[in-house]
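K.L.:
My questions will all concern the structure given below.
Bear in mind these aren't lab numbers, they're just calculated from the coordinates by the rules spelled out. Everything numeric in this text was worked out from a predicted model, so none of it was measured. Cβ placement follows ideal geometry from the backbone for every residue including glycine, while neighbour counts extend to all protein chains displayed.
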Amino acid sequence: MDRCIVLVDAGYLLGAAASLLAGEPSRSRITVDHAALVQGLRDRAESDTERPLLRIYWFDGAPDRVPQPEHRRLRVMPRVTVRLGALTRSDGRWAQKGVDAAMHAELTELARNRACSDIVLVTGDGDLLPGMMAAKEHGVAVHLWAVQAADGDYNQSEDLVAEADERRVLDRAWITKAVRAKELGGICAPQPVPRPEIAAILSAPLPESAPSQAPERSAEESEHAPAAASENGTQERVPAPKGVPTPKDLAALRAPGAQQPAQHPASATLRWSSDKGWVDRPSGAAEPPEVASMPTLAQLTTAEQRWADREEDITTVGGDPFEVGQVFARRWMERLGDQPHLQRLSGMYPRVPHRIDGELLRYAARFGLLAHKDDQIDEHDRYAIRAGFWREIDARTAAEHAPAGE
């Protein structure tokens, strides 16, 4: 058929783009406008092949093959199909498993079934050479696209380059229409309105007597520190020697015999609470009855609303941690109907009641959050989730207390 298909190795495309724009192949160094990127691939493919697009296949790796936020955004876009392989850690490095095999199988199957006349491959892996040769034998024209290499040389297999029918280079000007380098130290999610509690937390040093005290590790080792099992079987990141105090750190300060640094705020509470109970509470007191009785979102949601929520999660919620917190808070507030509960919650900032906080984290887990990299809990995601939650709460309460006419 006179149609074109694009097969994208996301690891190659985004890794090479990061090398070009940020100087290293880490995808965490770039931000991607996936809608613009997909549209750019479509326009370029239809222009180069002079054929209408049938479909874009996006191949990528994910921990346990659980779709990440970017995959959720991509798979609901028109003409986009996402195929996920595994993301595993070996010899201290992360690697995709099964992506090449999936691309090879899709390439040969499409050619064998004559689903298209032209196939565009965005990859640099020589393992796809047999699949490329098989596609050509079935009468399919194979177009190989490269991302401009940072050092001006090839970043593709030379055998792959030699076998392709056509080759194009996606240069810096094309890449920067949808991809840009992050500024070092930049913050992706909007920050909540500054509050004194947060300043106290961020300025608080870790306790010298904390069990995490150990010889200083490199940034990479700290990022992937082993997780410690909690009583309920889940895992919590072992605190690094430096950084923002965690609930476990504050608990260590209150432990018998622990020496508390004089400069540590005695009344500091964390910006996020924990379903495991590692939270600073006055004199170890339990939550007041009026707080513990706050209804959860599940209790406020009907069967019809639950179906609609799931539909929205699948089709419109991208899965960004900050966005997830906002969506949860919006639904909870819309169905609450009890303003004293909302006012009481707003006055508890920065803590979230345990039942609601646990439900918030379980909701976030649907989007593949909280379980990155060997099932370690990503603390940055937790901060962003709760920041989104509080931003939505603040917006609602500010709107209700604004003078009429504003």
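K.L.:
Can you put TYR154, TYR383 in order of Cβ neighbours within 10 angstrom, beginning with the fewest?
P.N.:
TYR154, TYR383
K.L.:
So what are the ³J(HN,Hα) numbers for region 171-183, from phi and the Karplus equation (6.51, -1.76, 1.60; θ = phi - 60°), rounded to whole Hz, Gly and Pro as x?
P.N.:
Whole-Hz 3J(HN,Hα) from phi for region 171-183: 7, 4, 4, 6, 4, 6, 6, 10, 10, 9, 7, 6, 7.
K.L.:
Please give the peptides 160-168, 328-336 ranked by average Cβ packing (other Cβ atoms within 10 Å per residue), highest first, as a rough proxy for protection.
P.N.:
Packing order, densest peptide first, comes out as 328-336, 160-168.
K.L.:
Okay, moving on. Pull out the extension gain between ALA308 and SER346, defined as 0.36 nm times the separation in residues minus the alpha carbon to alpha carbon distance; nm, one decimal.
P.N.:
11.0 nm
K.L.:
Let me ask you something else. Rounding to the nearest 20 debye, state how big the charge dipole of region 99-159 is about its Cα centre with +1 on each Lys and Arg Cβ and -1 on each Asp and Glu Cβ.
P.N.:
380 debye
K.L.:
For ARG3, enumerate residues with amide H under 5 Å from its amide H, sequence gap 5+ or separate chain, H modeled in the peptide plane.
P.N.:
Residues meeting the criterion, in which the H sits 1.01 Å from N, are SER117, ASP118.
K.L.:
Further, regarding this structure: Answer rounded, prolate or oblate for region 23-93, using the Cα gyration tensor with square roots of eigenvalues a ≥ b ≥ c: rounded when a/c is under 1.5, else prolate when a/b is larger than b/c, else oblate.
P.N.:
It comes out prolate by the Cα gyration axes.
K.L.:
On to the next question. Could you size up the charge dipole of region 4-181 around its Cα centre, putting +1 on the beta carbon of Lys and Arg and -1 on that of Asp and Glu, and report it in debye to the nearest 20?
P.N.:
Rounded to the nearest 20 debye, it is 860 debye.
K.L.:
Using the Karplus equation 6.51 cos²θ - 1.76 cosθ + 1.60 (θ = phi - 60°), what ³J(HN,Hα) coupling, rounded to whole Hz, does each residue of region 159-165 give in order, writing x for Gly and Pro?
P.N.:
5, 5, 4, 5, 7, 5, 6
K.L.:
Please compute the Cα-Cα pair-distance distribution of region 4-181 with 5 Å bins starting at 0, giving whole percents from short to long.
P.N.:
Bins of 5 Å from zero give 1, 8, 18, 22, 23, 17, 8, 2, 0 percent of pairs.
K.L.:
Return the percentage of antiparallel bridges among DSSP beta bridges fully within region 4-181, rounded to the nearest 5 %.
P.N.:
Taking every DSSP beta bridge with both residues in region 4-181, the antiparallel ones total about 20 percent.
K.L.:
Which peptide among 305-313, 10-18 comes first, and what is the full order, when sorted by highest mean count of other Cβ atoms within 10 Å?
P.N.:
Put in order of decreasing packing, that is 10-18, 305-313.
K.L.:
Here is a further query. Would you work out which of ALA173, ALA86, GLY98 lies farthest towards the positive end of the dipole of region 65-184? Charges go on Cβ: Lys and Arg +1, Asp and Glu -1.
P.N.:
My answer, from the dipole projection, is ALA86.
K.L.:
Need the full-extension length gain, ALA134 to ASN113, defined as separation in residues times 0.36 nm minus the C-alpha distance. One decimal, nm.
P.N.:
In short, 6.3 nm is gained.
K.L.:
Right, next: Ranked by Cβ crowding within 10 angstrom, fewest neighbours first, how are ILE314, ILE385 ordered?
P.N.:
ILE314, ILE385
K.L.:
Also, I was wondering about something else. Going 7 Å from the Cα of THR176 along its beta-carbon direction, which residues of region 14-50 have the amide nitrogen within less than 15 Å of the resulting point?
P.N.:
Backbone N within reach: 17-23, 31.
K.L.:
Please list 3J(HN,Hα) in residue order for region 71-78, calculated via the Karplus relation 6.51 cos²θ - 1.76 cosθ + 1.60 where θ = phi - 60°; whole Hz, with x for glycine and proline.
P.N.:
Those phi angles translate into 5, 5, 5, 5, 6, 9, 7, x Hz.
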